[in-house]
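The values are calculated or read from the model by the stated rules, or taken from the named source; none is laboratory data. Owing to the predicted nature of the structure, the values given are computational and were not obtained by experimental measurement. Cβ atoms come from the backbone with ideal geometry, glycine included; neighbour counts cover every protein chain shown. Ligands, DNA and RNA are excluded from the accessible area calculation, which covers all protein heavy atoms including side chains. Shrake-Rupley method; radii C 1.70, N 1.55, O 1.52, S 1.80 Å.
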Amino acid sequence: MFYDVGPKYTQSGPYGTMPAVSSQPQIRRNLNKRNRLSQVMTSDHHRDTEFMGAALEEAQQAFSLGEAPVGAILVHEGTIIARGHNRREWQQDPTAHAELLVIQQAAEQLQSWRLIDTTLYVTLEPCLMCAGAMLQARIPRLVFGTLDPKAGACGSLFTVHQDSRLNHQIDIRHGVQEESCRNILKEFFQQIRQDHAMTTKS
């Protein structure tokens, strides 16, 4: 049983009258807040999945060119402003990773090296070089598909995105379309090994 004593309530119990955990109006407000937060999170997850699909399209283009199939896009205020995929072999450029290409495009598009209010989507966890470039560009958010246990700098081998000694940190979400991102890489390297085996036999 509850007794109205003003803006809060008390509850009668075996040890006398005690303050209730929360008033009914407060409970309703908390529930409404949680529902709104849940809706926002669901919307964000749906949007991340869609944008990762665009990054996967870029990865598929890299695959068709014989490049390691990693694709990336950069989104500013809900709009894709840059797309790219690995072009290291085609350009014979060790820095031609998907992430660096979209960062360069986006900086030109926005006419600023500070890529604030952006999210970078990439199918594979960034390496040290690409993670460093994102920190330099002040990119606030990164979403990637699958981990890179051999070179990943955002959780696998290093965590440079959250190094408190630096003057910028990056919020990260990973595992978006993880299976698709992992499978295209697996298929590519299986094909490389098969081609190599056939060349060796011949």
Segment S43-F189, length gained on full extension (0.36 nm per residue, minus Cα span): 49.1 nm
How much length would be gained if the chain were fully extended between D93 and A54, taking 0.36 nm per residue of separation minus their Cα-Cα distance, in nm to one decimal? 11.6 nm
Filter the chymotrypsin sites (Phe, Trp or Tyr not before Pro) in region 104-150 down to the DSSP loop ones having no more than 14 other Cβ atoms within 10 Å, then list what survives. W113
Whose amide H sits under 5 Å from the amide H of N86, counting only residues 5 or more places off or on another chain, with H placed in the peptide plane? V70, A98
Quick check: from the Cα gyration tensor, does region 49-199 come out rounded (a/c under 1.5), prolate or oblate? prolate
Using a probe radius of 1.4 Å on heavy atoms only, what accessible surface per residue do you get for region 45-202? Whole Å² is fine. 55
The ³J(HN,Hα) series, computed from each phi in region 140-152 with the Karplus coefficients 6.51, -1.76 and 1.60 at θ = phi - 60°, rounded to the nearest Hz and given as x for glycine or proline, is x, 9, 10, 10, 10, x, 10, 6, 10, x, 9, 8, x
How would region 80-167 be classified by its alpha-carbon gyration tensor: rounded, prolate or oblate, with rounded meaning a/c under 1.5 and the a/b versus b/c comparison settling the rest? oblate
Between M129 and E77, the two model label points (7 Å from Cα along the beta-carbon direction) sit apart by a distance in nm of 3.3
Rounded to the nearest Å, the spacing of the alpha-carbon centers of region 106-120 and region 143-200 is 23
Counting sequence-distant residues (5 or more places) and residues on other chains, those with an amide H built under 5 Å from that of L124 are G71, G145, T146
Quick check: at a probe of 1.4 Å, how many percent of the accessible area of region 58-142 sits on carbon and sulfur atoms? 49
